[in-house]
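Report on the structure given below.
The values are calculated or read from the model by the stated rules, or taken from the named source; none is laboratory data. Note that the structure is a prediction, hence the values are computed from the model and not measured. So basically every Cβ, Gly included, is an ideal-geometry build from the backbone, and we count neighbours across all protein chains shown. Remember, those area values only see protein heavy atoms, side chains included, never the ligands or the DNA or RNA. Shrake-Rupley method; radii C 1.70, N 1.55, O 1.52, S 1.80 Å.
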Amino acid sequence: QVRVVESGGGLVQAGGSLRLACIVSRSTSTFAAIDWHRQAPGKQREFVARAGNDRNNAYADAVKGRFTISRDNAQNTVYLQMNSLTPEDTAAYYCDAWDYIRHYWGQGTQVTVSS
């Protein structure tokens with residue numbers, strides 16, 4: 001069973017930064033992609049960023065230029081550096097690790113951006 005654990009959320013003022021971490025219990029190199037998604041209250045879960053195993057990263061339009069995703073295979077961790085945060089970024093952030101067969105989700109970490 002693969003475990004996925006997110007951390008790094010918190011309360012930050014608009015314009016501030018946070019770095020989220022997604023730690024998986026198996027080598028990150030065995031996953032085709034590890035994504036970050038988020039879900040704001042009353043809204044559907046949405047894609048935020050992808051760290052592909054082929055080093056091709058992808059971002060939602062809403063976060064391009066502000067968020068950066070990176071992999072540290074030695075630490076089995078994927079990071080999401082979030083800069084220039086706005087209240088619209090307030091959400092629970094979830095990590096999704098896909099190993100070509102299954103998706104493994106974490107429990108999420110809350111990010112709250114105050115205006």
Going through the stretch 34-53 one residue at a time, which ones are open to solvent by less than 50 Å² (accessible area, probe 1.4 Å) and either basic (Lys, Arg) or closer than 24 Å to Thr90 by Cα (or both)? Ile34, Asp35, Trp36, His37, Arg38, Ala40, Val48, Ala49, Ala51
Over the stretch 1-45, the set of residues under 11 Å from the mean Cα position of the chain (by Cα) and part of a loop (DSSP other than H, G, I, E, B) is Gly8, Gly9
In this structure, is Gly15 farther than 19 Å from Thr109 by Cβ and not β-branched (Val, Ile, Thr)? yes
Contact list please: Cβ distance under 6 Å, first residue in the stretch 13-31 and without any contact (Cβ under 8 Å) to a residue 60 or more places away in the chain and farther than 13 Å from Ile69 by Cβ, second residue part of a strand (DSSP E or B) and open to solvent by less than 30 Å² (accessible area, probe 1.4 Å), pairs at least six apart or on different chains. Ile23/Thr77
Whichever residue in the stretch 91-107 is open to solvent by less than 30 Å² (accessible area, probe 1.4 Å) and not charged (D, E, K, R) and, among such residues, is nearest to Thr30 (Cα to Cα): Ala97
Output the residues belonging to the stretch 54-82 that are out of contact with any helix residue (DSSP H, G or I) (no Cβ under 6 Å at 6 or more places or on another chain), touching a residue at least 40 places away in the same chain (Cβ under 8 Å) and either crowded, with 17+ Cβ neighbours inside 10 Å or over 15 Å from Gly9 (Cβ atoms) (or both). Asp72, Gln75, Thr77, Val78, Tyr79, Leu80, Met82
